[in-house]
Amino acid sequence: MAIKTGKSVTSQLTNGLFLFGILLSVSAAAFFSSCTPVCDYPSTRFAQIRPVNAMSDQDNITIWLNGKVFKKSYSYDPPDDFGYYATFADDSPLTTGTMMVTITADEAGKDTLIADTAITFDLHKQSLIIIGRAHTLPGEPNSKKIILLNDEVQSQDNNFTLVRFVHAIPDLPALDIFWTPDSIVDATARYGVPTEYFMITNLKQLHITEAGNPANVIVDFNSPTAFNGFVITALIRGRTQPIDHERQASALFLSDVTFSYINNLQTFGIRLMNASRNRPKLSVGIQAASFGDTIRFNYPRQDVTLLDIPNGTLTGYLFLRPEYNGNTIAQNKTTYFFCTDHVARPAFPDSLDHFSQTANPDERYTFVAVDTIPLSKHIDGKLDHLIIRDTLAPSTDPLINRVRIIHVNPDHTSTLVTIGATARNMGFKGVTVLDVPVGQTNLELKDGTAIKTIPITVGSGRPISIYILPDTDSETFPVKIFTE
């Protein structure tokens, strides 16, 4: 196994999460107590496999080896006994050699996700990682893949940490990885291609973004304590464009060889739609529910979340960690968000609007900044908000798609919205979801004598959101259409 030497971390970082806090009481030397490959275990010469379900839209998978169940209904969340297994589901021994691996969504083996794939298991401890979207939507490429990793590597120096990365987010071709406090990319991970181990001195920080787009932060956290002597696989999984119940982008940290589970970093997502006519740019900040709380365990800047969002713009999701009380999600904790005008970093003035939201892992929200004063008033009106929980599911019929309409136009308190043969009367800040045939159609908006007809194309696959925005001097019923 090739080892790369990483750059040294030279500054003390104090924000965020203790990255591997639950291992602080364990001697780093314990990670290097395994045998030197090829291993000859005293009591057995059977394979030892650590399975990982990294399919963001499949809560459970069943793993078959040569037509025999290895793991039944294996969870996306690491089970309590998460580790290496040397037996099939019926407790018969797991032999080495080449086997045909099949992944199904059901225990009966009828809903096949990945057909027979030849995988060779040997006497090393190995991780079997299943990645990709289980059920592909129209227009999406097949991202399903099985990865087999050798987990038995020895560190030559306990002053280093060995870390490798597995990029399993099918939305993104590549991830840029930083572990030093500068803007230079330390490593790039391609989708489905595990990196080699990097030998890092004084590991205190991991900062992972979309490759070439540093503003799209996927994972970001810091620790005041260095983690030297550990051997780690960092699995970055989930989706950055989730729909329905899909899991969001997050990180699962595995301890290779001796330990199996270090930290499962769960996230919820927020995004902003600036639907204000009066505010050319808006920013969103956050504030803890009580003094001393840390909201953004996976993000170093507590003062800025979404900055300088132009009106008519919908951001991508920002991934935040639900507030924790020890190792337990604080279900009743509330996070306070506030909108402001564009200001220089990092200070925010008094907020234009504020609101609160309690979020659990994998929940997604759109915060819509809304005007309250009609255009006819010709004054700079107060800012309001609409919170939408994003739980859109695609239609099971490929000839139908789901269209969500959000009415945030204060100039029309009641609007008749018609798509094809379906009509809905919508009030201000109303939200409705319609099933619409795929193809060309018209969206008609009507309020008294104010009428507008907009030709739209309804594609199959991912649902569509249509925002009815405030009037302008030059346009009645402006709309913005986004594919979820």
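Data table
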item: Hits in region 189-206 (condition: open to solvent by 60 Å² or more (accessible area, probe 1.4 Å) and farther than 15 Å from N150 by Cα); result: R190
item: Which listed residue is modelled with pLDDT of 75 or more and either within 30 Å of I405 (Cβ to Cβ) or of a type in the set (S, T, Y) (or both), from I218, I309; result: I309
item: Within region 51-69, tally of residues that are open to solvent by less than 50 Å² (accessible area, probe 1.4 Å) and not aliphatic (A, V, I, L, M); result: 7
item: Test: residue in region 200-215 that is acidic (D, E), modelled with pLDDT under 90 and out of contact with any helix residue (DSSP H, G or I) (no Cβ under 8 Å at 6 or more places or on another chain); result: no
item: Which listed residue, of P349, P437, is modelled with pLDDT of 90 or more, open to solvent by 50 Å² or more (accessible area, probe 1.4 Å) and either closer than 16 Å to N274 by Cα or more than 27 Å from the chain's Cα centre (by Cα) (or both); result: P437
item: Hits in region 240-276 - residues which are surrounded by fewer than 21 Cβ atoms within 10 Å (Cβ to Cβ) and basic (K, R); result: R271
item: Single match in K144, K72 (criterion: in contact with a Lys or Arg (Cβ under 8 Å, 6 or more places away or on another chain) and open to solvent by 20 Å² or more (accessible area, probe 1.4 Å)); result: K144
item: Test: T415 is outside any loop (DSSP other than H, G, I, E, B), open to solvent by less than 60 Å² (accessible area, probe 1.4 Å) and touching an Asp or Glu at 6+ places or on another chain (Cβ under 6 Å); result: yes
item: Region 422-436 residues that are touching a residue at least 24 places away in the same chain (Cβ under 8 Å), paired with ones that are outside any strand (DSSP E or B) and surrounded by 14 or more Cβ atoms within 10 Å (Cβ to Cβ) (beta carbon under 7 Å, 6 or more apart); result: K429/V408; D435/S395; V436/G420
item: Flag for R424 being surrounded by fewer than 20 Cβ atoms within 10 Å (Cβ to Cβ), modelled with pLDDT of 90 or more and in contact with a Pro (Cβ under 8 Å, 6 or more places away or on another chain); result: no
item: Qualifying residue in region 204-212 (condition: under 22 Å from S143 (Cβ atoms), among the charged types (D, E, K, R) and under 22 Å from the mean Cα position of the chain (by Cα)); result: yes
item: Residue in region 449-463 that is under 28 Å from the mean Cα position of the chain (by Cα), on the phi > 0 side of the Ramachandran plot and not in a strand (DSSP E or B) present; result: yes
item: Residue within region 470-477 that is surrounded by 13 or more Cβ atoms within 10 Å (Cβ to Cβ), touching a Leu at 6+ places or on another chain (Cβ under 8 Å) and in a strand (DSSP E or B) present; result: no
item: Some residue of region 226-244 being modelled with pLDDT of 85 or more, more than 23 Å from E152 (Cα to Cα) and in contact with a Ser or Thr (Cβ under 6 Å, 6 or more places away or on another chain); result: yes
item: Among (1) at pLDDT 50 or above; (2) open to solvent by less than 20 Å² (accessible area, probe 1.4 Å); (3) farther than 20 Å from R389 by Cβ, the one test that P280 misses; result: (2)
item: Every residue from region 101-128 that is of a type in the set (A, V, I, L, M, F, W, C) and surrounded by 14 or more Cβ atoms within 10 Å (Cβ to Cβ); result: V101, I103, A105, L113, I114, I119, F121, L123, L128
item: Extreme residue, least open to solvent (accessible area, probe 1.4 Å), among residues of region 165-185 that are closer than 22 Å to T240 by Cα and of a type in the set (D, E, K, R); result: D176
item: Boolean, L392 is among the hydrophobic types (A, V, I, L, M, F, W, C), under 24 Å from S276 (Cβ atoms), outside any strand (DSSP E or B) and open to solvent by less than 60 Å² (accessible area, probe 1.4 Å); result: yes
item: Boolean, I146 is under 21 Å from R247 (Cβ atoms) and aliphatic (A, V, I, L, M); result: yes
item: Strands (runs of 3 or more DSSP E) within region 191-253 that include 3 or more residues more than 18 Å from A54 (Cα to Cα) and in contact (Cβ under 8 Å) with a residue 24 or more places away in the chain; result: 197-201, 205-210, 213-222
item: Residues located in region 112-127, provided they are touching a residue at least 40 places away in the same chain (Cβ under 8 Å) and of a type in the set (D, E); result: D122
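The values are calculated or read from the model by the stated rules, or taken from the named source; none is laboratory data. Quick caveat: nothing in here was measured; it's all calculated off a predicted structure. Please note: Cβ atoms are built from the backbone with ideal geometry, for glycine as well, and neighbour counts cover all protein chains shown. Heads up: the accessible areas ignore ligands, DNA and RNA and are worked out on the full protein's heavy atoms, side chains in. Shrake-Rupley method; radii C 1.70, N 1.55, O 1.52, S 1.80 Å.
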